[in-house]
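**Q** Mind looking over this structure? Questions follow.
The values are calculated or read from the model by the stated rules, or taken from the named source; none is laboratory data. Note that this is a predicted model, so its numbers are computed, not measured. Here the Cβ positions follow ideal geometry from the backbone for every residue, glycine too, while neighbour counts run over all protein chains shown. SASA here: full protein model, heavy atoms, side chains in, ligands and nucleic acids out. Shrake-Rupley method; radii C 1.70, N 1.55, O 1.52, S 1.80 Å.
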Amino acid sequence: MSQGNLFPIIDTHQHLWDLSKFNLPWAAGSDILNRSYVTSDYLTATAGLNVVKAVYMEVDVAADQKNAEADYIVAQCQRSDTPTVAAVISGFPASEDFAAYIRRFQGNPYVKGLRQVLHVPETGPGYCLQPAFVQGVQLLGEL
């Protein structure tokens, strides 16, 4: 079947990472994941599938690199040589600096959502019910 006969695909959960730019602590113990996966890898993996657009999903970089990851992917979205057109960035709604962090992206046409990885040992049961987390999520709703 030629690509012209395939339905166009929008990949809504695209993960990319460049280990020359970012530290992914969770990938350190994996031979398969502890390497860069950049746009050229993605284009090779999706060749012939008619992926016309993609939404980047944050990759849980080291906490001190959240701003840099967001800036990096917004810049990627502005390029014409990638299907990546939007992003779900990382953030910590319960953190003291969350309001300042997320307001940086208010009105940004490429930032479509926010995610905090919660399925890690340091995030215990009931975390999402803490008042600071709830207030951060409410701020997202306001913005």
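**Q** Please give every one of the lysines within straight-line cross-link reach of Lys66, meaning a C-alpha to C-alpha distance under 20 Å, and leave out same-chain neighbours fewer than 8 residues apart.
**A** Lys21, Lys112
**Q** Is region 2-106 best put as rounded, prolate or oblate by its Cα gyration tensor, with a ≥ b ≥ c the root eigenvalues, rounded for a/c under 1.5, and otherwise prolate when a/b is larger than b/c, oblate when not?
**A** Details: a/c = 2.51, a/b = 1.49, b/c = 1.68.
Cα axes put region 2-106 in the oblate bin.
**Q** Summing Lys, Arg as +1 and Asp, Glu as -1, what charge do residues with Cβ under 14 Å from the Cβ of Gln65 carry, Gln65 excluded?
**A** Result for the neighbourhood of Gln65: -4.
**Q** Pull out the extension gain between Lys21 and Gln135, defined as 0.36 nm times the separation in residues minus the alpha carbon to alpha carbon distance; nm, one decimal. Let's see the in-between values first.
**A** On the way: separation 114, 0.36 × 114 = 41.04 nm, distance 3.17 nm.
Length difference between fully extended and current span is 37.9 nm.
**Q** Determine the relative contact order of region 1-126: mean sequence separation of Cα pairs under 8 Å and six or more apart, normalised by residue count, in whole percent. Kindly include the intermediate steps, with their values, before the conclusion.
**A** On the way: 164 pairs, mean separation 29.6, N = 126.
Relative contact order for region 1-126 comes out at 23 percent.
**Q** Shifting gears a bit: Work out from phi, with θ = phi - 60° and the Karplus expression 6.51 cos²θ - 1.76 cosθ + 1.60, the ³J(HN,Hα) of each residue of region 79-84, listed in order in whole Hz, and give x for Gly and Pro.
**A** Each residue of region 79-84 in turn: 7, 9, 9, 9, x, 5 Hz.
**Q** While we're looking at this one, here's another question. Using alpha carbons only, how many degrees (0 to 90, rounded to 10) separate the axis of helix 131-142 from the longest principal axis of the chain?
**A** 50
**Q** Can you give the local net charge around Ser40? Use residues other than it whose beta-carbon is closer than 12 angstrom to its beta-carbon, Lys and Arg +1, Asp and Glu -1.
**A** Numbers: positive: none; negative: Asp18, Asp41, Asp81.
Net charge around Ser40: -3.
**Q** Would you give the gap between the C-alpha center of region 78-119 and the C-alpha center of region 27-60, rounded to a whole Å?
**A** Distance between centres, Cα-based: 18 Å.
**Q** Only residues of region 64-90 count here: report those whose backbone N is under 20 Å from the spot 7 Å along Cα→Cβ of Ala47, or say none.
**A** 81-84
**Q** OK, next. How large is the accessible surface of Ser30 in square angstrom, using a 1.4 angstrom probe and rounding to the nearest 10?
**A** Only protein atoms counted, so the area is about 30 Å².
**Q** Follow-up. Please figure out what share of the DSSP beta bridges in region 6-143 is antiparallel and state it in percent, rounded to the nearest 5. Kindly include the intermediate steps, with their values, before the conclusion.
**A** On the way: 1 of 13 bridges.
Around 10 percent of the beta bridges assigned by DSSP in region 6-143 are antiparallel ones.
**Q** Still on this structure, I have one more. Cα axis of helix 66-77 to longest principal axis of the chain: angle in degrees, 0 to 90, nearest 10?
**A** Long axis of 66-77 versus the principal axis of the chain: about 30 degrees.
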